[in-house]
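Take a look at the structure below.
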Amino acid sequence: MRDENQKQLNEIPGRERYYRFILNNMHEAIMVIDRNYRVDDVNKTACKMYKKQRGELIGRYCYEVSHMYDRPCSEMGLQCPLHRAFKTGLPVKALHRHKLTDGTSVWEDILASPLKDDKGRIIYIIEAMRDVTELLKMHQRLQETLKGTIHSLATVVEMRDPYTAGHQRRVSQLACAIATEMGLSKEQTEGIKIAGLLHDIGKISVPAEILSKPGRLSESEFSIIKEHPQVGHDILKDIKFEWPIAQIILQHHERMDGSGYPKGLSGEDILLEARILGVADTVEAMSSHRPYRPALGIDKALEEIQQNKGVLYDPKVVDACVKLFVEKGFKLK
């Protein structure tokens with residue numbers, strides 16, 4: 001098939017030069033892969049990416065070029081966009097790390113597109129690749145900056161309220177464990193982690209004498225405390241998180257029967273992440289020391305959420321939380 005195609009190209013050298021010009025001026029690295037996973041053609045961008053001359057790449061196996069493997073990725077139990085494209089006949093997108101012979105590696109955003117003949121048979125896979133190594137590094141740096149900012153914001157709240165130092169971190173820890181126990185995705189759990197670390201940021205608007213008051217709060221003082229979810233929401237609402245952090249924080253004191261605050265939401269009108277955070281917040285607060293009372297202990301906290309399961313707290317969240325402590329030996333750190 002390759003010889004036949006080459007013969008046809010030789011018959012129209014002008015058109016071949018035209019296509020070669022287009023191919024070599026594409027920003028994406030292009031590799032043409034046959035059904036035996038051999039490289040049939042490449043453009044200049046691919047040569048530059050792999051630090052090889054065109055003649056050094058053509059005829060070699062793609063898995064040898066990309067990964068320095070001695071057999072196809074699919075035979076090694078690895079995900080292979082080319083194999084999937086050959087198998088399904090559909091374009092496949094993927095993110096892969098490719099090793100280079102000089103010991104370095106690049107991350108590539110790949111689109112593997114089947115090329116079919118007039119009978120619908122796949123004869124080649126056109127693999128278009130874009131080097132996203134620097135973009136991923138930049139994303140990682142931004143993620144590290146975000147993490148540092150989040151921890152700094154959490155520290156600000158705890159510095160104003162020494163009695164709850166570590167509270168947000170422990171709530172985040174427990175909320176993530178509950179989310180994992182419930183089978184939530186890593187992405188959703190990451191959002192819960194961030195919301196947990198920041199859920200009391202609105203307390204920076206509460207006077208320090210109220211936060212550290214040793215006696216029972218008056219009705220007016222408690223009304224000020226109850227403003228912290230809204231304040232937290234307003235502080236964070238314009239930050240473009242990947243998750244609805246501001247809304248989770250706004251709702252973490254809402255309760256299943258509508259008796260919570262600030263909006264009086266009920267049932268599934270409350271975000272699942274907020275329902276998880278609400279249980280974690282209650283358990284951590286009850287089991288820890290507060291200015292107005294000594295620590296009640298984890299047993300009392302678990303008794304509280306079980307007694308109010310389905311009334312104040314989401315039943316599935318309560319069950320996951322209790323299972324963590326009773327069956328799996330989870331401990332707040």
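The values are calculated or read from the model by the stated rules, or taken from the named source; none is laboratory data. Fair warning: this is a prediction, and the values are worked out from it, not measured in the lab. A quick note on method: Cβ atoms are made from the backbone with ideal geometry, for glycine too, and the neighbour counts reach across all protein chains shown.
At-a-glance table
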read-out	value
Hits in the range 230-269 (condition: outside any loop (DSSP other than H, G, I, E, B), surrounded by fewer than 21 Cβ atoms within 10 Å (Cβ to Cβ) and of a type outside the set (S, T, N, Q))	VAL231, HIS233, ASP234, ILE235, ALA246, GLY267, GLU268, ASP269
Strands (runs of 3 or more DSSP E) (entirely within the range 67-132) containing at least 3 residues that are β-branched (Val, Ile, Thr), touching a helix residue (DSSP H, G or I) at 6+ places or on another chain (Cβ under 9 Å) and modelled with pLDDT of 80 or more	122-131
Exclusive hit being basic (Lys, Arg), in the same structural domain as HIS252 (by TED's automatic domain parsing) and in contact (Cβ under 8 Å) with a residue 40 or more places away in the chain, set ARG216, ARG141, ARG169	ARG216
Selection status of ILE210, part of a helix (DSSP H, G or I), touching a residue at least 12 places away in the same chain (Cβ under 8 Å), within 24 Å of ALA295 (Cβ to Cβ) and not small (Gly, Ala, Ser)	yes
Single condition VAL279 does not satisfy, out of (1) modelled with pLDDT of 95 or more; (2) of a type in the set (A, V, I, L, M, F, W, C); (3) out of contact with any Asp or Glu (no Cβ under 8 Å at 6 or more places or on another chain); (4) under 18 Å from GLN188 (Cα atoms)	(3)
Residue in the range 168-187 that is among the aliphatic types (A, V, I, L, M), closer than 16 Å to ALA246 by Cβ, in contact with a helix residue (DSSP H, G or I) (Cβ under 8 Å, 6 or more places away or on another chain) and surrounded by 17 or more Cβ atoms within 10 Å (Cβ to Cβ) present	no
Residue count, the range 44-63 (criterion: among the β-branched types (Val, Ile, Thr) and part of a loop (DSSP other than H, G, I, E, B))	1
